[in-house]
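The values are calculated or read from the model by the stated rules, or taken from the named source; none is laboratory data. On a predicted model such as this, the values are computed, not experimentally measured, just so you know. Backbone-built Cβ (ideal geometry, glycine too); neighbour counts: all protein chains shown.
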Amino acid sequence: MSLSVDYMNKLKPEQFLTGPQAGWSYHRGRWSAPYEGIRTVERERGPFGLWVGQHFSDGCIEAKVVPKIACESVSIFICGSATNDELRGYEFAFEPREQRIVLRRHGMNLTTLAEARDSIPSGRALPVKIDATGSRLRLWMGESVDPAIDVTDGEPILAPGHAGIRAWGAPVSIDDLAICVRGQPPVAVRDAAGDSSEQRGLQALCLLLLNLNEVVYID
């Protein structure tokens, strides 16, 4: 995705990724330096949202991920933060076309920590659970008792951060999102605005017209 510099400078961060407003912060991600008045987003470091309601290091995220048809990638972040609009933290990227999950560490550089092949349906709910305990990161999918990814990071991000979301290519719904912090009861994350289906459809249409087609729904 590329935008003119003049147009990009007029956009607020929340216009790069459409999602719930209350309790969320949005960030532009990393874009190339201007060239002939155009800037291009780095796909793996693009716009993202962070839920600011909970700040934690050790804990877990549970959700049902529903990528819409044509969604190329949806990511869930743990221990996430933003530095100059760029993500810092861990990303679990679910890629329906490749039927692949990728775990990345976002620091000054982008590092792939693990990849795994698994079934990622489009248009249907996929239950996932992500756990961070110290330097150990795990992901469970569906009803499996065995983690699809189980990695210990040699250069861990141990500072507290937030849960977050990113989508690429088409909208995604995140249902039954819950944050579980050690020693505390689970916290359900809801869209306080409760947008109607008509409002959601209008948002998606506007993004299509603007060629900004990443949308996140939190149910």
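Observations, loosely collected:
- Residue match in region 134-145 (condition: among the charged types (D, E, K, R) and either modelled with pLDDT of 95 or more or touching a Cys at 6+ places or on another chain (Cβ under 7 Å) (or both)): yes
- Across region 1-41, the qualifying residues are those that are farther than 19 Å from residue 77 by Cα, of a type in the set (S, T, N, Q) and not in a loop (DSSP other than H, G, I, E, B), and the one among them that is farthest from the chain's Cα centre (by Cα) is 4.
- Counting only residues that are more than 20 Å from residue 44 (Cα to Cα), modelled with pLDDT under 55 and in a loop (DSSP other than H, G, I, E, B), region 159-218 holds 2 of them.
- Verdict on residue 176 being touching a strand residue (DSSP E or B) at 6+ places or on another chain (Cβ under 7 Å) and under 13 Å from residue 103 (Cα atoms): no
- Residues in region 20-53 that are under 24 Å from residue 102 (Cβ atoms) and out of contact with any helix residue (DSSP H, G or I) (no Cβ under 9 Å at 6 or more places or on another chain): 32, 40, 41, 42, 43, 44, 45, 46, 48, 50, 51.
- Restricting attention to region 115-136, the residues that are within 17 Å of the chain's Cα centre (by Cα), among the aliphatic types (A, V, I, L, M) and in a strand (DSSP E or B) total 4.
- The C-beta contact set for region 28-39 (first residue under 24 Å from residue 167 (Cα atoms) and touching a residue at least 12 places away in the same chain (Cβ under 8 Å), second residue surrounded by 10 or more Cβ atoms within 10 Å (Cβ to Cβ) and of a type in the set (Phe, Trp, Tyr), distance under 8 angstrom, 6+ apart or interchain) comprises 28/16; 29/16; 29/48; 39/31.
- Criterion applied to 54, 99 was being touching a residue at least 12 places away in the same chain (Cβ under 8 Å), over 30 Å from residue 6 (Cβ atoms) and surrounded by 14 or more Cβ atoms within 10 Å (Cβ to Cβ), and the one residue passing it is 54.
- Meets criteria (loosely packed, with under 14 Cβ neighbours inside 10 Å and more than 24 Å from residue 171 (Cβ to Cβ)) for residue 144: yes
- Residues that are surrounded by fewer than 20 Cβ atoms within 10 Å (Cβ to Cβ), in contact with a Ser or Thr (Cβ under 6 Å, 6 or more places away or on another chain) and of a type in the set (A, V, I, L, M, F, W, C), drawn from region 57-92: 69
- Residue within region 78-96 that is outside any strand (DSSP E or B) and over 14 Å from residue 168 (Cα atoms) present: yes
- Which listed residue is farther than 30 Å from residue 127 by Cβ and of a type in the set (S, T, N, Q), from 2, 81, 75: 2
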